[in-house]
Structures are given as C-alpha cells and as structure tokens.
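Below you'll find the structure, written out as structure tokens, and then a few comments.
The numbers here are math on the coordinates, done by the rules we state, and not lab data. Bear in mind that the values here come from a model prediction, so they are computed numbers and not experimental data. Methodologically, a virtual Cβ is constructed for each residue, glycine included, from the backbone with ideal geometry; neighbour enumeration extends over all protein chains shown.
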Amino acid sequence: MGRATGGSGRGRDGLGFAFAPKREAAGKNLVSNFVAPSEGEGIRPNAQRIRATWVVDHLQSGTPLLNLMELAGVRSLAALSRYVQFVGVAA
C-alpha cells in the first residue's frame, strides 16, 4: 500500500484504502504520524503495536499466509515469523 495510485485514490487491489481513503499514496509513517499528536492521560496509540495486533489476529483467524503477506506489504515469511509466538496467547 505504499505505492502511488495514479490519482485514483485506490489501493493496488482497486478497492480503495481502508485508512484515509481519499489519499493518493501511503507514506511509510502514515499511521504513526496520524496517532503521534494523541496527548493526554490513558492509552496512547502505538502504530507498531496496532500492526502487531492486526497481524496476530489474522494469523489466529487462519488468513492464508500469502494473502497476509500481501496485505501486510511484506515479501517474506520471515517478516511474519516474529508474530507467531503471540498466536494463541490470551490478552
């Protein structure tokens, strides 16, 4: 999802972006920059933890690995392997 879309506002699959759907492209730090201004007491969003939760949830749900690799924007299974230790762990 980090590639330009040719002005269509759509992701590589042509269905559109789930986050900030009117954007033309996704920068590497799009979500981090979005949550950075969160100030105050309580829980602060952390893009790395949000991504890890998303990946682990997909692994637990049985999302096919090749599909998950594409959705996550990674090119190797090694990039997902660090999340396997959290599969099946109760929150």
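Couplings 3J(HN,Hα) for region 51-68, derived from phi with the Karplus relation 6.51 cos²θ - 1.76 cosθ + 1.60 (θ = phi - 60°), are 5, 4, 4, 4, 5, 4, 4, 5, 4, 5, 7, x, 4, x, 4, 5, 5, 5 Hz, where x marks Gly and Pro. If R0 is taken as 25 Å, the Cβ-Cβ distance between residue 24 and residue 78 corresponds to a FRET efficiency of 0.20.
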